[in-house]
Amino acid sequence: MTDTLAEARLLPTPDETWWRQAAVYQIYPRSFADSNGDGVGDLSGITDRVPYLVELGIDAVWLSPFYPSALADGGYDVDDYRNVDPRLGTLADFDVMTQALHAAGIRLIVDIVPNHTSDRHEWFREALASPKGSAARERYIFRDGAGPDGAEPPADWESTFGGPAWEPVGDGQWYFHFFAKEQPDLNWNNPEVRADFRRTLRFWSDRGVDGFRIDVAHGLAKDLGRTLPTQAELDALPKDGSHPLWDRDDVHEIYAEWRAVFNEYAPARTAVAEAWVASDRRARYASADGLGQAFNFDLLEADFDAGQFRDIIAFNLGLAAESGSSTTWVFSNHDVVRHATRYGLPPRNGAAAKQGSQWLLRGGPASELDAELGLRRARAATLLELALPGSAYLYQGEELGLQEVAHIPAAERQDPAFFRNPGVDMGRDGCRVPLPWTRTGPSYGFGAGGSHLPQPAWFTGYSVEAEAGVAGSTLSLYRTALALRSRLQAAESMEWLETGRADVLAFRRPNGWTSVTNFGTEAFTLPAGEVLVSSTGLEAGSLPGAATAWLQA
Ligand code: NOJ
């Protein structure tokens with residue numbers, strides 16, 4: 001056998017449908033593994049840890065932005081879409097990482113940030129150096145200020161991170177930014193912008209990338225060719241496809257163009273939309289003529305509650321069937337309080353995701369957090385998730401059962417959401433702290449040096465070293481469950497089983513693979529079958545509260 005053939009055999013099979021039920025592991029690269037001891041994670045660090053990813057048993061990696069960036073928003077402020085941040089490595093390091101992942105049978109999804117560039121992008125520098133009405137300014141959203149000398153913003157709009165959404169440039173004009181002022185929004189009505197992003201998609205596809213995660217996919221298309229409404233008027237407008245800023249129907253014209261690019265490759269490149277839209281509008285993004293799949297954040301926003309889970313699962317499987325896509329499930333990512341913490345907080349004012357932020361705002365008092373209960377519930381929820389039809393998106397560190405890091409001194413915080421909203425938003429740094437790999441060491445094995453966000457002392461007990469090979473650890477649970485999942489994964493369907501209890505959910509996949517979750521506190525007698533794995537110890541054949549078990553019926 002020639003070397004080329006040997007390599008070809010190691011690459012993932014050219015299966016057009018690999019993404020439909022993939023377990024995708026999100027890597028936030030600056031916080032995963034640091035190979036050169038500078039305190040910042042890098043691409044070689046990921047390459048070094050491919051054996052860990054193999055043992056974990058995931059199908060694909062989703063890599064958050066690794067592009068050159070001033071980190072005004074954790075890398076979602078991109079200076080150059082077709083390059084690697086020198087602190088993270090080089091394009092050659094990227095190729096080595098991609099080959100290592102592929103050789104291990106793991107696919108790679110990269111993050112594309114098309115709504116805005118950074119203010120250091122060459123286009124934006126050119127726009128600032130060019131006069132009003134120039135072609136360079138036409139790539140962004142510039143407007144004249146209000147008032148006789150343009151000293152007032154064109155509208156009173158607020159940015160998503162707090163503070164004004166319009167920034168003056170000193171000549172009477174202002175530019176629009178949904179997010180931080182270092183993230184000017186692009187003008188997607190401009191054909192040059194569209195062409196450049198198609199070039200970026202081909203650039204990474206040519207390098208072997210298997211798919212893309214599309215940041216703020218519901219924000220690109222905007223209709224500002226009208227008298228600008230006030231923020232109050234904007235808030236009152238329906239989000240039915242005609243809103244001037246969000247989830248416009250015409251955004252799908254862009255994704256139809258992208259689909260043509262994805263389909264130039266074999267297998268076709270995939271994409272998943274980050275689109276915070278009403279559930280009944282999600283299918284548009286997941287259409288096979290567009291991006292193909294969309295994140296479903298419904299479980300992430302739900303309480304640990306059987307009724308909510310059942311309704312959300314049934315509704316989303318129905319949506320997936322309608323769109324022809326598969327559904328996605330998410331509990332944690334780099335934008336939200338980790339689910340092991342959310343589930344340990346007392347219910348307060350509705351949605352679980354919000355409870356976490358409120359707790360952080362109160363300084364993360366330990367007296368309000370039942371970390372043990374939170375982790376127990378998180379493990380039960382994840383085991384349920386991994387048995388569902390569709391893709392599961394996992395976030396680095398959840399396989400260790402990490403809690404949110406609540407106490408980070410203000411001087412060491414990085415998230416613009418914290419700085420732009422004093423006292424209102426504690427930001428997202430607490431879920432972005434570098435991973436603990438070993439029990440000891442200057443950064444718990446993250447690297448030979450320090451850590452760009454401070455790691456707490458309790459990380460030692462959650463390190464890979466502390467958990468690997470330990471029966472009952474969260475890492476062992478994830479490894480066992482992911483291995484079983486790839487063996488058991490079957491047709492994308494399930495049927496609910498009658499449990500006789502409102503707080504116990506059970507469902508069966510077509511091959512008899514059965515998952516039972518007890519959301520309550522009273523033990524539940526498991527149905528007949530071989531127990532394959534459980535999120536916590538079983539008590540004489542019954543499932544205790546806040547636990548999930550898989551059975552082969
Ligand atoms: C969504 C990303 O997940 C988030 O981290 C980022 O701040 C915003 N989009 C803006 O790019």
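The values are calculated or read from the model by the stated rules, or taken from the named source; none is laboratory data. All values reported here derive from a predicted model rather than from experimental measurement. Neighbour counts are summed over all protein chains in view; Cβ atoms, including those assigned to glycine, are modelled from backbone coordinates with ideal geometry. Just the protein is used for accessible areas: all its heavy atoms, side chains included, with ligands, DNA and RNA removed. Shrake-Rupley method; radii C 1.70, N 1.55, O 1.52, S 1.80 Å.
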- Query: 222 nm [θ] for the chain, helices only, -39500 (n - 2.57) per DSSP H run of 4+, per residue, to 500?
  - Reply: -8000 deg cm²/dmol
- Query: Given a cut-off of 23 Å, what percent of all Cα-Cα pairs of the range 306-411 lie beyond it?
  - Reply: 32 percent
- Item | Pairwise Cα inverse-distance average, inverted: Kirkwood Rh of the range 493-552 (Å) | 11.3 Å
- Item | Charge dipole (debye, nearest 20) of the chain; +1 at Cβ of Lys and Arg, -1 at Cβ of Asp and Glu | 780 debye
- Message: Among ASN511, LEU551, GLY529, which residue has its Cα furthest toward the positive end of the charge dipole of the range 493-552, with +1 on Lys/Arg Cβ and -1 on Asp/Glu Cβ?
- Response: ASN511
- Debye sum, Cα scatterers, the range 122-176, no solvent: what log₁₀ I/I(0) at q = 0.14, 0.17, 0.24 1/Å? -0.35, -0.51, -0.92
- Note on the structure: Semi-axes (Å, rounded, descending) of the ellipsoid equivalent to the range 209-367 per its C-alpha gyration tensor are 30, 22, 15
- Note on the structure: Note: the range 89-188, point scatterers on Cα, Debye, no solvent; log10 I/I(0) at q = 0.10, 0.19, 0.20, 0.21 Å⁻¹ equals -0.40, -0.87, -0.94, -1.00
- Could you check how many percent of all C-alpha pairs in the range 275-314 are farther apart than 12 Å? 60 percent
- Note on the structure: In terms of the charge dipole of the chain, which places +1 on Lys and Arg and -1 on Asp and Glu at the beta carbon, the residue among ILE408, PRO68, PRO164 farthest towards the positive end is ILE408
- Starting from the range 261-310, pick out the GluC sites (Glu not before Pro) whose DSSP state is loop and whose Cβ has at most 15 other Cβ atoms within 10 Å. GLU264
- Taking the range 168-260 as the region of interest, what is the percent of Cα-Cα pairs per 10 angstrom bin, listed from the shortest bin to the one with the maximum distance? 13, 41, 32, 12, 2
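Hey, if we sort ILE27, ILE312 by accessible area with the 1.4 Å probe, largest down, what's the order?
Working: ILE27 0, ILE312 30 Å².
Result of the area sort, largest leading: ILE312, ILE27.
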- Message: Students sometimes get this wrong: rank HIS252, HIS334 by accessible area, probe 1.4 Å, all chains present, largest first.
- Response: HIS252, HIS334
- For GLU158, list long-range residues whose amide hydrogen, built 1.01 Å from N in the peptide plane, is under 5 Å from its own amide hydrogen. ALA165
- Apply the Debye scattering formula to the range 378-468, with a single equal point scatterer on each alpha-carbon and no solvent, then give log10 I(q)/I(0) at q = 0.13, 0.15, 0.24 Å⁻¹. -0.53, -0.68, -1.14
- Query: Can you give the % of DSSP beta bridges in the chain that are antiparallel, to the nearest 5?
  - Reply: 55 percent
- Message: What percent of all Cα-Cα pairs in the chain falls into each 20 Å bin, going from 0 up to the bin containing the maximum distance?
- Response: 21, 56, 22, 1
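Normalised by the number of residues in the chain, what is the relative contact order in percent for Cα pairs under 8 Å and 6+ residues apart?
Working: 1152 pairs, mean separation 73.0, N = 553.
Relative contact order comes out at 13 percent.
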- Which residues' amide hydrogens lie under 5 Å from the amide hydrogen of VAL61, considering only partners 5 or more residues apart or on another chain, with H built in the peptide plane? TYR25, ARG107, LEU108, ILE109
- Item | In degrees, nearest ten, helix 191-206 long axis to first principal axis of the chain (Cα) | 40 degrees
- Item | Value of relative contact order over the range 481-550, rounded to a whole percent, pairs C-alpha under 8 Å and six or more apart | 26 percent
- Message: Ignoring ligands, DNA and RNA, please state the percent of accessible area on the chain from carbon and sulfur, probe 1.4 Å.
- Response: 52 percent
- Task: Mind pulling the angle between the C-alpha long axis of helix 91-103 and the longest principal axis of the chain? Nearest 10 degrees, somewhere in 0 to 90.
- Result: 30 degrees
- Query: Taking the Cα centre of the chain as the origin and placing charges on Cβ (Lys, Arg +1; Asp, Glu -1), which of GLY390, PHE418, LEU220 is farthest toward the positive end of the dipole?
  - Reply: GLY390
- Just from the alpha-carbon atoms, what are the Rg and Dmax of the range 332-488 in angstroms? 15.8, 49
